[in-house]
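Shown next, in structure tokens, is the structure this report addresses.
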Amino acid sequence: MAYKVDHEYDYLFKIVLIGDSGVGKSNILSRFTRNEFHLDSKSTIGVEFATRTLQVEGKTVKAQIWDTAGQERYRAITSAYYRGAVGALLVYDITKRQTFDNVLRWLSELRDHADSNIVIMMAGNKSDLNHLRSVKQEDAQSLAEKEGLAFLETSALEAINVEKAFQTILMDIYQIISKKALAAQQAAASVPQGTIINVKNLSDNGIKGGCCSS
Ligand SMILES: Nc1nc2c(ncn2[C@@H]2O[C@H](COP(=O)(O)OP(=O)(O)O)[C@@H](O)[C@H]2O)c(=O)[nH]1
Ligand SMILES: [Mg+2]
């Protein structure tokens, strides 16, 4: 009898939010998981994570997205935060140059604590504040290319590209794991055929052949 695994999803992916304090991480999360935005920063009331289930290539994927509780202010994010993460959204604020300059520090934090195959998307948030911009989109794009990251400008306030940012991360993760699954299948298929077991010989050794009343 085949066992039906009774999950409401096919895959569960842990994604971490990182980047300087005040760039909009918590609002990106609330926009994506609850379609909410808060003008005041509630950085001290950190939820551990929030989830949203969506379809990726016909599979049901549950995204479990972890948010900091403000520890980034003290550069005190523990390695437990990164453990098991398969994706990261690295956020800076397009109106605050310093938050973009710190992207490299966040990348080295990821290199130190996260899996080396982690999928990273860089997001330049607050794109609605274009008149206050201090980071050019081209500069971010070339950094992303140099570091091998996906890149988008987002606005949690106006709900621009938030959905797309997560969809892209999830799709990239899905591509990686489905490639791995395919490689595993091919490896299994190339195993030489097993020895043919002769039932008569088994009987000769006192092991009864034949079967099957049910
Ligand atoms: N204009 C604008 N403000 C934003 C946006 N995202 C977040 N904020 C504001 O930026 C501040 C910090 O946001 P928060 O989500 O707490 O940032 P966190 O510290 O990275 O989690 C809050 O006052 C938010 O209302 C955005 O897309 N546009
Ligand atoms: Mg926050």
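The values are calculated or read from the model by the stated rules, or taken from the named source; none is laboratory data. None of the values given here were measured: they were computed from a predicted structure. Note that each Cβ is placed from the backbone with ideal geometry, even for glycine, and that neighbours are counted across all protein chains shown. For accessibility, only protein heavy atoms count, side chains too; no ligands or nucleic acids. Shrake-Rupley method; radii C 1.70, N 1.55, O 1.52, S 1.80 Å.
When ligands, DNA and RNA are left out and all protein chains stay put, how many square angstrom of accessible area per residue does the stretch 2-189 have with a 1.4 Å probe?
Accessible area per residue: 54 Å².
Once you treat every alpha carbon in the stretch 2-189 as an equal point and sum by Debye, what is log10 I(q)/I(0) at q = 0.08, 0.11, 0.14, 0.16 Å⁻¹? Normalising to I(0) and taking log10 leaves -0.26, -0.48, -0.77, -0.99. Annotation: the antiparallel percentage among DSSP beta bridges lying fully within the stretch 2-189 is about 30. Sorting the segments 28-40, 12-24, 98-110 by their mean number of nearby beta carbons within 10 angstrom, highest to lowest, gives 12-24, 98-110, 28-40.
Averaging Cα coordinates gives a centre for the stretch 16-42 and one for the stretch 114-176; these two points are 14 Å apart.
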